[in-house]
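The values are calculated or read from the model by the stated rules, or taken from the named source; none is laboratory data. What you see is a predicted model, and the numbers here were worked out from it, not measured in a lab. When we count neighbours, we look across all protein chains shown, and the Cβ atoms used for this are built from the backbone with ideal geometry, even at glycine. Heads up: the accessible areas ignore ligands, DNA and RNA and are worked out on the full protein's heavy atoms, side chains in. Shrake-Rupley method; radii C 1.70, N 1.55, O 1.52, S 1.80 Å.
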Amino acid sequence: MELSAASKELGMVRNGNPESPAECDNSSDSDRLALVDPENIARFKAELLEFLDGLYTPDQPWDITVFEGYGRGMVATRDIAENELIFLDRPILLGPRVNNYDVIFCASCCRIQKKLTLCSGGCRLPVCSECDISAAPETPHTAECRVITSWEPKDQNRYCKTILYALTSIRGFLLDDLRRSIVLNMEAHPPRKDMTTEVERILKDQVFSNLSESGEDVQYLRKIVDVLNTNAFETSRMVQDEENNDHEIVLRGLYILGALMNHCCRPNIRYVFDSDLVMRCYASKPIPKGAQIFNNYSKTLWGTQHRIIHLCFSKHFLCGCDRCRDPTEMGTYLGALKCVRDSCPQGRMVSMNPMKIASVWQCDTCGLKMNNVKITKIQEIAGRMILNNAVKKDAAYIVEYLSDHVSKFLLPCNQFTVELKLQAILKIQDDAALELQVEKDKYCREILEILRKLDYGECYVKGVLCYELFKVLMAIARLKEETFPDEEALGYLRTAWTILGCSGNRPRDLVQLAQLHGFVKDV
């Protein structure tokens, strides 16, 4: 949905209490009251700890409680130090996301396949030889194949993307009583009217002969879809093809503890997924006893208007944190635009009331005012220019485009400029020319400064940038034949290892670099 259309739809809620999670929500009050009932919370926590057997210890510094204006959430039960592990969580449901994939992979184990091979059971899903139901009396795929074939798939000799995209929800039928009870006690926002879910796609495409729209199976599937769309995390599994090339298969997982953290645009945690897809949640900055443990449901480096619209339409609430209320976003001006007057080259257009989506914007230098309709059009045009002209190009093109074009119509701190700089950082490799390495160095430092102003602490993006900054400093030293590393560079590597070391998707050479410079002995 474009910003201009979204702004009109948000008009009906913009004057409400921005901190109320129910502001954009269409779930029932009775459901909400049931979730925050003290007896229900106690029962839910007991079930959750049983599910987390082996990952939970009584000394972990969190509890589940109710926060006014938020509902259920996680609270710190003691002071938590920066970089301290808060909790471990495993997915209660895990599977493909509802998007296209670039490679063919086994629906069960995600092993890369050169050619599409359908399950011999007739479920219309691609599987490898080890997961096919003919491989053994019981394979990891057998149970879900039985569920799917019980609905009598049509065209059983043809691959069906619609079933693959619904597979994570279908796996809800495989949950035991304990896990099913936990899942059904999660928030479940119904989809927007303009959204076609995987279940509705199955019904619309008439994929099955024996799946009634009014039947219990479809009603249960819809419930699981709503829970997933409200709470699921994007995670991934790294797999290798037969030529030893790495592929990242992006998945979605329902992590219950992770989902219980409420949102703030300036969170106090970071999380990574290790090689076993266990979520590891750390404090990104000190969290005092009694404080709420916050995650960020939106994008770190988006401007306020984009975050507000994204949160309302995907998570059904408006945020009212201090970052959202500040027109300058803590002095970062991520959502600000250049003044349109040629006579005001240093002017920055910001919203006069960020919490009101239709607010007038004003230049902080010359005082020029513009209505929200014009502002959103400028943002949409700028976003399309970036996406269409630069994001998918090579590093040299992006650097030139930033210098020769973007600087003429966007601020150097604007979210679209920052996104292009991030793309350049990731694309400039160790063997790039010196002038590109110098630009990469500059971009890394600029974005790290934005994170510092936002007080994001030891967040995941900081870890990635510190790793890239160490690499670029190493490349520049090599090209200039200078001594390397110095204390500054080692500090960046140390931070990168602290933040990314436990991630299953950490850079391939990070372990070797950490070992080489004495940060770790064995991994």
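What the table below lists for this structure:
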{"quantity": "Point-to-point label distance, ARG146-THR365, nm (Cα→Cβ direction, 7 Å offset)", "calculated": "7.0 nm"}
{"quantity": "Computed log₁₀ I(q)/I(0) - Debye formula, equal Cα scatterers, no solvent, segment 416-503, q 0.11, 0.22 Å⁻¹", "calculated": "-0.28, -1.10"}
{"quantity": "Contact order relative to length of segment 23-124, as percent, for alpha carbon pairs under 8 angstrom and 6 or more apart", "calculated": "16 percent"}
{"quantity": "Separation of the MET238 and LYS45 label points, Cα + 7 Å toward Cβ, nm", "calculated": "3.7 nm"}
{"quantity": "√(5λ) per eigenvalue of the Cα gyration tensor, segment 111-174, largest first, Å", "calculated": "16, 14, 12"}
{"quantity": "Descending semi-axes in Å of segment 28-165, equivalent ellipsoid built from Cα gyration tensor", "calculated": "40, 19, 15"}
{"quantity": "Greater than 25 Å apart at Cα, pairs in LYS392/LYS453; LYS393/LYS442; LYS315/LYS356", "calculated": "LYS392/LYS453"}
{"quantity": "Per residue value of the accessible surface for segment 177-278 (all protein chains in place, 1.4 Å probe), Å²", "calculated": "45 Å²"}
{"quantity": "Length-normalised contact order of segment 244-307 in % [C-alpha pairs under 8 Å, at least 6 apart]", "calculated": "34 percent"}
{"quantity": "Electrostatic dipole magnitude of the chain [Cβ: Lys, Arg +1; Asp, Glu -1; Cα centre; debye, to 20]", "calculated": "1440 debye"}
{"quantity": "Sequence-separation-based contact order of the chain, relative, with Cα cut under 8 Å and 6+ spacing, percent", "calculated": "15 percent"}
{"quantity": "Debye equation applied to the C-alpha atoms of segment 349-440, log10 I(q)/I(0) at 0.22 Å⁻¹", "calculated": "-1.04"}
{"quantity": "Karplus (6.51, -1.76, 1.60) ³J(HN,Hα), θ = phi - 60°, over segment 500-513, in Hz, Gly and Pro reported as x", "calculated": "9, x, 8, 7, x, 10, 5, x, 4, 9, 5, 4, 4, 5"}
{"quantity": "Spread of Cα-to-Cα distances over 10 Å intervals beginning at zero, given as percent, for segment 101-238", "calculated": "11, 40, 37, 11, 0"}
{"quantity": "Chain lengthening between HIS517 and ASN353 when straightened (0.36 nm per residue, less Cα-Cα)", "calculated": "54.1 nm"}
{"quantity": "Residue (of GLY501, PHE67, ILE425) at the positive-pole extreme of the chain, dipole from beta-carbon charges", "calculated": "ILE425"}
{"quantity": "Computed accessible area, LEU49, all protein chains, 1.4 angstrom probe, square angstrom", "calculated": "50 Å²"}
{"quantity": "Accessible area of CYS366 in the full protein assembly, 1.4 Å probe (Å², nearest 10)", "calculated": "50 Å²"}
{"quantity": "Farthest toward positive dipole pole in the chain [+1 Lys/Arg, -1 Asp/Glu at C-beta], among ALA396, GLN379, CYS363", "calculated": "CYS363"}
{"quantity": "Pairs of Cα atoms farther than 20 Å apart, segment 213-297, %", "calculated": "51 percent"}
{"quantity": "Heavy-atom surface of segment 407-523, accessible at 1.4 Å and reported per residue (Å²)", "calculated": "48 Å²"}
{"quantity": "Cut-off 17 Å, label 7 Å out along Cα→Cβ of GLU200, residues of segment 222-240 by amide N", "calculated": "222-230"}
{"quantity": "Within segment 62-90, backbone nitrogen closer than 20 Å to the virtual label 7 Å beyond the Cα of LEU175 toward Cβ", "calculated": "64-65, 72-74, 88-90"}
{"quantity": "Magnitude of the charge dipole, segment 298-417, Cβ model with Lys/Arg +1 and Asp/Glu -1, debye to 20", "calculated": "360 debye"}
{"quantity": "Sites GLU82 and GLU213, calculated FRET efficiency, Cβ-Cβ separation with R0 60 Å, nearest 0.05", "calculated": "0.70"}
{"quantity": "Percent accessible area from carbon and sulfur atoms, the chain, protein chains only, probe 1.4 Å", "calculated": "49 percent"}
{"quantity": "Charge dipole (the chain, unit charges on Cβ, about Cα centre) - positive-most of SER181, LEU94, ALA291", "calculated": "ALA291"}
{"quantity": "Long-range HN-HN contacts of CYS119 with modeled amide H, under 5 Å", "calculated": "ARG124, LEU125, VAL127"}
{"quantity": "Accessible surface of ARG325 - all protein chains present, 1.4 Å probe, nearest 10 Å²", "calculated": "130 Å²"}
{"quantity": "Cα→Cβ-extended label distance, 7 Å offset, between VAL340 and ASP155, nm", "calculated": "4.8 nm"}
{"quantity": "Modelled FRET efficiency - R0 30 Å, LYS453 with ASP63, Cβ distances, 0.05 increments", "calculated": "0.40"}
{"quantity": "As computed over segment 237-374, the Cα convex hull volume per residue (Å³)", "calculated": "181 Å³"}
{"quantity": "The chain: proportion of alpha-carbon pairs further apart than 35 angstrom, %", "calculated": "42 percent"}
